[in-house]
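Undergrad: Below is the structure I would like to discuss, written out as structure tokens.
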Amino acid sequence: DEPAEWRRVAERLTLLFDPQTKIYEQCEGFYQLKPIPADLLDQRKVWFVTVFPYQALNQPDVVMALVLFRDDFPPEVHRANWRFYKDKSMNFSSMSFVLNAIMAADLGELEDAYRNFLISAGEDLDEALTGRKDTYAGLHGTASGGAWMAAVFGFGGVHLSERGLRIRPNLPPQWTALRFNLVLRGTLVRVAMDRRQVVLTVAPTPALSLPVEVAGQKLTLRSGETYTVRYGA
């Protein structure tokens, strides 16, 4: 059956990790490809013609894996791979800027994070942001949803995993506050944060009892309650 087949595939996968550099190789032989020429983007055609045979990527695949499994890798692995791959990605894919924004925010590189957020939020409004000249073809759904992800997961510091919900405010210098909604186990939770505190307002129904970590403090969210967690100076 299909699940069993995917398990067999997973058992045969090889992760090309260098414990010295902390870098995961994009694919076997990636390091043997040619360096990226300075004018690569000026000469680009379709992405698969442009990136071959250079150490160039359509999108930051390794960074994407690290973003999706943020708790499974130590900070030094995140940082090493971010620094190695961020200039090797040609960002032909609209999801690239989302991933770059979240990773940079996690690492505290907020200027990089904010720049990538602006591209994701505005690439269907201003062709100069990407140089692709394709806004006539319609919206990039990944970029539209990704702008929300970059704001909430990156700058809001929201992370939901098997270990539970974590919120670590990480506002860029350009912002003084951020507000967004989450639906947790069917219950609406309104989140408002600034540089001093995070306020969580939980809807009265349906019933909710959920352990969370907010700005380093542990608490349990319950229906109908409001919580204020102070963290700033």
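Undergrad: Does Gly154 satisfy being of a type outside the set (A, V, I, L, M), modelled with pLDDT of 95 or more and assigned to a helix (DSSP H, G or I)?
TA: Working: of a type outside the set (A, V, I, L, M): yes; modelled with pLDDT of 95 or more: yes; assigned to a helix (DSSP H, G or I): yes.
Considered against the rule, which asks whether it is of a type outside the set (A, V, I, L, M), modelled with pLDDT of 95 or more and assigned to a helix (DSSP H, G or I), Gly154 comes out as yes.
Undergrad: Which of the following residues is in contact with a Phe, Trp or Tyr (Cβ under 8 Å, 6 or more places away or on another chain) and crowded, with 16+ Cβ neighbours inside 10 Å: Met95, Met64, Met103? Even if it seems obvious, please write down each step before you answer.
TA: Details: Met95 fails: in contact with a Phe, Trp or Tyr (Cβ under 8 Å, 6 or more places away or on another chain); Met64 fails: in contact with a Phe, Trp or Tyr (Cβ under 8 Å, 6 or more places away or on another chain).
Of Met95, Met64, Met103, the one residue that is in contact with a Phe, Trp or Tyr (Cβ under 8 Å, 6 or more places away or on another chain) and crowded, with 16+ Cβ neighbours inside 10 Å is Met103.
Undergrad: In addition: Filter the range 1-17 down to the residues that are out of contact with any strand residue (DSSP E or B) (no Cβ under 7 Å at 6 or more places or on another chain) and of a type in the set (A, V, I, L, M) and list them by number.
TA: Filtering the range 1-17 for residues out of contact with any strand residue (DSSP E or B) (no Cβ under 7 Å at 6 or more places or on another chain) gives 1-14.
Of everything in the range 1-17, those that are out of contact with any strand residue (DSSP E or B) (no Cβ under 7 Å at 6 or more places or on another chain) and of a type in the set (A, V, I, L, M) turn out to be Ala4, Val9, Ala10, Leu13.
Undergrad: I need the full set of residues from the range 175-197 which are touching a Leu at 6+ places or on another chain (Cβ under 9 Å), of a type outside the set (D, E, K, R), surrounded by fewer than 19 Cβ atoms within 10 Å (Cβ to Cβ) and more than 25 Å from Ala207 (Cα to Cα), in order please. Steps first, answer last, please.
TA: In the first step, residues of the range 175-197 are kept if they are touching a Leu at 6+ places or on another chain (Cβ under 9 Å); the result is 177-178, 181-182, 184-195.
Checking which are of a type outside the set (D, E, K, R) leaves us with 177-178, 181-182, 184, 186-189, 191-193.
Next cut, surrounded by fewer than 19 Cβ atoms within 10 Å (Cβ to Cβ) only: 177, 181-182, 184, 186, 188, 192.
Ala177, the sole residue that qualifies.
Undergrad: Looking at this structure, is Asn91 under 22 Å from Ala128 (Cβ atoms) and either outside any helix (DSSP H, G or I) or modelled with pLDDT under 90 (or both)? Spell out how you get there, then give the answer.
TA: Values: under 22 Å from Ala128 (Cβ atoms): yes; either outside any helix (DSSP H, G or I) or modelled with pLDDT under 90 (or both): yes.
When the stated conditions are applied, Asn91 passes them.
Undergrad: For the range 140-161, give me each residue that is surrounded by fewer than 20 Cβ atoms within 10 Å (Cβ to Cβ) and more than 17 Å from Leu221 (Cα to Cα).
TA: Within the range 140-161, Gly141, Thr142, Ser144, Gly145, Trp148, Val152 meet the criteria.
Undergrad: Now a separate question. Find all pairs meeting these conditions: Cβ atoms under 8 angstrom apart; at least six residues apart or on different chains; first residue within the range 151-167 and among the acidic types (Asp, Glu); second residue crowded, with 22+ Cβ neighbours inside 10 Å.
TA: Nothing qualifies.
Undergrad: Out of curiosity, is Gln55 polar (S, T, N, Q), at pLDDT below 90 and either out of contact with any His (no Cβ under 9 Å at 6 or more places or on another chain) or closer than 26 Å to Phe153 by Cβ (or both)?
TA: Values: polar (S, T, N, Q): yes; at pLDDT below 90: no; either out of contact with any His (no Cβ under 9 Å at 6 or more places or on another chain) or closer than 26 Å to Phe153 by Cβ (or both): yes.
Considered against the rule, which asks whether it is polar (S, T, N, Q), at pLDDT below 90 and either out of contact with any His (no Cβ under 9 Å at 6 or more places or on another chain) or closer than 26 Å to Phe153 by Cβ (or both), Gln55 comes out as no.
Undergrad: Checking Tyr114 against (1) touching a residue at least 40 places away in the same chain (Cβ under 8 Å); (2) assigned by TED's automatic domain parsing to the domain that holds Ala207; (3) of a type outside the set (A, V, I, L, M), which test does it fail?
TA: All conditions pass for Tyr114, except number (2).
Undergrad: Output yes when any residue across the range 189-212 is part of a loop (DSSP other than H, G, I, E, B) and β-branched (Val, Ile, Thr), and no when none is.
TA: Here is the first cut: in the range 189-212, the residues part of a loop (DSSP other than H, G, I, E, B) are 195-196, 203-208.
So of that shortlist, the ones also β-branched (Val, Ile, Thr) come out as 205.
So far as the range 189-212 goes, yes, one or more of its residues are part of a loop (DSSP other than H, G, I, E, B) and β-branched (Val, Ile, Thr).
Undergrad: Take Arg79 and tell me if it is assigned to a helix (DSSP H, G or I), surrounded by 10 or more Cβ atoms within 10 Å (Cβ to Cβ) and among the basic types (Lys, Arg). Give the steps one after another, and end with the answer.
TA: Values: assigned to a helix (DSSP H, G or I): yes; surrounded by 10 or more Cβ atoms within 10 Å (Cβ to Cβ): yes; among the basic types (Lys, Arg): yes.
When the stated conditions are applied, Arg79 passes them.
Undergrad: Let me ask you something else. Within the range 218-233, track down each residue that is in a strand (DSSP E or B) and surrounded by 13 or more Cβ atoms within 10 Å (Cβ to Cβ). Before the answer, list the steps.
TA: Filtering the range 218-233 for residues in a strand (DSSP E or B) gives 218-222, 226-230.
Within the range 218-233, Leu219, Leu221, Arg222, Tyr227, Val229 qualify.
Undergrad: Does Thr142 satisfy the condition of being at pLDDT below 95, part of a loop (DSSP other than H, G, I, E, B) and of a type in the set (Ser, Thr, Tyr)?
TA: It is false that Thr142 is at pLDDT below 95, part of a loop (DSSP other than H, G, I, E, B) and of a type in the set (Ser, Thr, Tyr).
The values are calculated or read from the model by the stated rules, or taken from the named source; none is laboratory data. These numbers were taken from a predicted model, which means no experiment stands behind them. With ideal geometry, Cβ positions are generated from the backbone for all residues, glycine too; neighbour counts draw on all protein chains shown.
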